[in-house]
Amino acid sequence: MTPDQKRLATWGGAGAAVIAVAWVALLVRDGTSGAVAAEADKLHATYLKLYHPDKPGGFAIGQAQDELRSISKGQAEETATAEAALAPALPAAYLVETLSEAAAQVTADHATLRQRSARTRIALPTTLPFESGLDADPKARSRQLASLVLIRLSVQACMDAGVTRIVAINPGQASLSPGGEFAVFTCDLDIEAEWGANARLLASLAQADGRGLGIRQLELVNQPDRTQRLRLSTTLTAPNREGWGILASGGGSTPASSPATGGSEGGRLRRLGGARP
């Protein structure tokens, strides 16, 4: 065999080997692809059932988008309903802007509370909050009106429960919820009552859905005459209004909380002076 024939035979053998390897690879790859395709078909069928069990055939993209919009709308409506129950808007009478209208509302609320005090014989403090006048600053005054709502609701709850006497009423600071959507006003009350009245009062405040009322802090002190001294910090949650001017870290110029209730600490329930009479 001549040198040229040897070189031709060598190249021909190498080429045949390459073709054989490629053919084997294609056969293996085809088998693997078939297994992957079968597995993909199986997973796809499972996915369709998970996506919507009653429609295994799936949705057209338009139908899917319509359903998502419908679900989103329903969720938004449910959220609004819950927020309205937990944080209702304040009555329009407490959102007035002029000083004369605000002062008239304070006078009307004080008269109502004093009339009820005389009728129930549940004593009130000699001087009620804001009786000496409201703030000249519109934002501070609007916060005072919001606090007046909480004062009225809190005092009425005390009287409905049958407490013996309301010793002190002090408006606290207003603050914002973490997201800033809601404002929280506080009021500190010092109350004398028997155990049953205190139990009724706390049960009423704990079930105050629809009024936005809540309890931030509570301190019970048993008295020698078997009555109790209740130091209570109530809260009112309402949708935040720009006109209130409440800062993220606090309530601006609203009156500070009284030392008796410890300011705006987180909620706590503390009992002093031994067991229940």
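One table, with the values for the structure above:
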{"item": "All positions within region 213-238 that are under 14 Å from the mean Cα position of the chain (by Cα) and charged (D, E, K, R)", "result": "none"}
{"item": "Selection status of Thr98, surrounded by 10 or more Cβ atoms within 10 Å (Cβ to Cβ), of a type in the set (Val, Ile, Thr), at pLDDT below 70 and within 30 Å of Ala183 (Cβ to Cβ)", "result": "no"}
{"item": "Which numbered condition Ile122 misses (of (1) at pLDDT below 95; (2) over 21 Å from Gly214 (Cα atoms))", "result": "(1)"}
{"item": "Matching residues in region 181-196 - criterion: being under 27 Å from Gly243 (Cβ atoms) and outside any loop (DSSP other than H, G, I, E, B)", "result": "Phe182, Ala183, Val184, Phe185, Thr186, Cys187, Asp188, Leu189"}
{"item": "Single residue of Ala104, Ala111 found to be aliphatic (A, V, I, L, M), more than 33 Å from the chain's Cα centre (by Cα) and not in a loop (DSSP other than H, G, I, E, B)", "result": "Ala111"}
{"item": "Any hit, region 186-208, residues being at pLDDT 90 or above and of a type in the set (Ser, Thr, Tyr)", "result": "yes"}
{"item": "In region 181-225, the residues that are among the β-branched types (Val, Ile, Thr) and closer than 23 Å to Thr126 by Cβ", "result": "Thr186, Ile191, Val221"}
{"item": "Residue tally, condition more than 14 Å from Leu124 (Cβ to Cβ) and not in a strand (DSSP E or B), over region 158-180", "result": "10"}
{"item": "Which listed residue is modelled with pLDDT of 95 or more, out of contact with any Leu (no Cβ under 8 Å at 6 or more places or on another chain) and not basic (Lys, Arg), from Leu148, Leu113", "result": "Leu148"}
{"item": "Positions within region 174-233 being buried (at least 21 other Cβ atoms within 10 Å of the Cβ), in contact with an Asp or Glu (Cβ under 9 Å, 6 or more places away or on another chain) and of a type in the set (D, E, K, R), in sequence order", "result": "Arg216, Arg231"}
{"item": "Which listed residue is hydroxyl-bearing (Ser, Thr, Tyr) and more than 25 Å from the chain's Cα centre (by Cα), from Ser147, Ser154, Ser117, Ser175", "result": "Ser117"}
{"item": "Total residues in region 92-106, condition farther than 21 Å from Cys158 by Cβ and of a type in the set (S, T, N, Q)", "result": "2"}
{"item": "Options Ile19, Ile61, Ile71; residue that is at pLDDT 75 or above, out of contact with any strand residue (DSSP E or B) (no Cβ under 7 Å at 6 or more places or on another chain) and farther than 30 Å from Leu213 by Cβ", "result": "Ile71"}
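The values are calculated or read from the model by the stated rules, or taken from the named source; none is laboratory data. Owing to the predicted nature of the structure, the values given are computational and were not obtained by experimental measurement. Don't worry about glycine lacking a Cβ; one is built from the backbone with ideal geometry, like all the others, and counts go over all protein chains shown.
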